[in-house]
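In what follows, a single structure is set out as structure tokens and then discussed.
What follows draws every value from the coordinates through simple rules; no lab data is involved. Because the structure is a prediction, the values reported are computed rather than measured. Positions of Cβ are generated from backbone atoms using ideal geometry, with glycine treated the same way; all protein chains shown enter the neighbour counts.
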Amino acid sequence: MIDPPLAVLAELTHRCPLQCPYCSNPVELERSKTELSTAEWIRVMREIADVGALQVHLSGGEPMARPDLDQIVAAARDAGLYSNLITSAVLLTEERMERLAGAGLDHVQISFQDSEPARADRIAGYRGALAKKKRAAEAVRMCGLPLTVNLVVHRQNLTTLEDLLTMAVDLLPQRIEVAHVQYYGWAIRNRAALMPTPEQVRSALETVERARERLRGRVTIDHVVPDYYGRRPKACMGGWGRRFLNITPSGKVLPCHAAESLPGMVFETVRERTIGEIWRDSPAFDAFRGTSWMPEPCRSCERREIDWGGCRCQALAITGDAAAADPVCDKSPDHVTLTSFTNQALAEGAPDLVYRRYGARAG
Ligand code: SF4
Ligand code: SF4
């Protein structure tokens, strides 16, 4: 008997007006003409509820690029799902925010690149991004919706983490996430430019701890040590096929955001089978579900049902074997490879950023 997922990440489109070098979406994006239609997304919201999930995260790309977002939100509400909009917010005007709230949206998460306009524009590859995001955060507040501020941090902005936190607190969110860049998809190209130094990672831990003390009872701050500096992996997606699933813009159902990087896997789509059928009975979800697929050192490890062996995509990217222990783990024979990647990235200095340019890839 397979438990239902808790939440679903619905990537409504890969289109996005920003050009973040740390974007974790795949290098090859899905084109707009392959995206699910409004009617298909409305059906998918019902299927998400039918499989037993409670929450849907509406993401992208930039989900605001879908003119039918209000209808999709309303369908989520009708299906009884808690809906969270994950957005860069540069398209989130007061008027659109009111429409989304009216359609039944429950929560908004806005990502920020920096607290200083020129630096924020430089990372986003978008002029005026910071001012638009701040206006959007105010619009969320005026509609009475809870807000999460997502601060994306890396070597080029970690020295200003105090300023980032001050800016975030001023936006009156319920939650702040200090999110270190994860090196999947496009972001791998910018690993050398974005990899934090050990001193920055130590300093970030102290800065966040001080802020938590100062802001106790006012705002929750989430922060975890970035993967490349960890000793034990995170339970990626809460374990493969255990808690979450992703739906791509064209309707492919994936066990995780980056799963398409794994060779030889076939991902079924919501155009072929229901989400419930795919969740319960598909080769891709069965491939790394549970513990029976694990080789050593995970097979006999006491943490195998805590972190579920970590991330399959990271294992593949670093070791070439998707079934290996996540090399973040210092029990993995490949942990030294991860350390050497970190050292190499730091030794390369800060090469020019390679921007994610959607217009050139999707359309
Ligand atoms: S370019 Fe930036 S805002 Fe757009 S999808 Fe990628 S990370 Fe998100
Ligand atoms: S050996 Fe495997 S299960 Fe054990 S801590 Fe490391 S990654 Fe997790």
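Only Cα pairs under 8 Å and at least 6 apart count here; give the relative contact order of the chain as a rounded whole percent.
It comes to 21 percent, rounded to a whole number.
Given the -39500 (n - 2.57) contribution per DSSP H run of 4+ residues, what per-residue ellipticity at 222 nm results for the chain, rounded to the nearest 500 deg cm²/dmol?
Dividing the helical sum by the residues of the chain leaves -9500 deg cm²/dmol.
Taking other Cβ within 10 Å of each residue's Cβ, how do VAL140, VAL27, VAL90 sort, fewest first?
Least crowded to most crowded, the residues run VAL27, VAL90, VAL140.
Compare the Cα positions of TRP186, ALA168, ALA120 along the charge dipole of the range 112-219 (+1 at Cβ of Lys, Arg; -1 at Cβ of Asp, Glu; about the Cα centre) and return the one farthest towards the positive end.
Going by the Cα projections, it comes out as TRP186.
For PRO196, what charge total do you get from the other residues with a beta carbon under 12 Å from its beta carbon, if Lys and Arg give +1 and Asp and Glu give -1? Write down the numbers at each step before the final one.
Values: positive: ARG155, ARG191, ARG202; negative: GLU199, ASP227.
Charge balance in the 12 Å sphere: +1.
What order do you get for PHE341, PHE244, PHE288 when you list them from fewest to most C-beta neighbours inside 10 Å?
PHE341, PHE244, PHE288
In debye, nearest 20, what is the charge dipole magnitude of the range 1-159 about its Cα centre with +1 on Lys and Arg Cβ and -1 on Asp and Glu Cβ, if you could check?
580 debye
ARG232 to ASP170: extension gain in nm, 0.36 nm per residue of separation minus the Cα-Cα distance?
Answer, rounded to one decimal: 18.9 nm.
Would you look at the GNM of the chain, springs on alpha carbons closer than 10 Å, and say which of LYS331, LYS134, LYS33 moves the most?
LYS33
Quick one: if the Förster radius is 30 Å, what FRET efficiency do VAL224 and ARG127 give, using the C-beta to C-beta distance and rounding to 0.05?
For VAL224 and ARG127, the calculated efficiency is 0.40.
GNM on the chain, C-alpha springs below 10 Å: top fluctuator among PRO26, PRO297, PRO263?
So, out of PRO26, PRO297, PRO263, the one fluctuating most is PRO263.
Could you rank the peptides 344-352, 189-197 by their average count of other C-beta atoms within 10 Å per residue, with the highest value first?
Those peptides, ordered most packed to least, come out 189-197, 344-352.
Roughly how many nanometres apart are two label points built 7 Å out from the Cα toward the Cβ at GLU206 and GLU348?
According to this spin-label approximation, the distance is 2.9 nm.
Before anything else, pin down the relative contact order of the range 293-363: Cα pairs under 8 Å, at least 6 apart, normalised by residue count, whole percent.
In percent, rounded to a whole number, it is 21.
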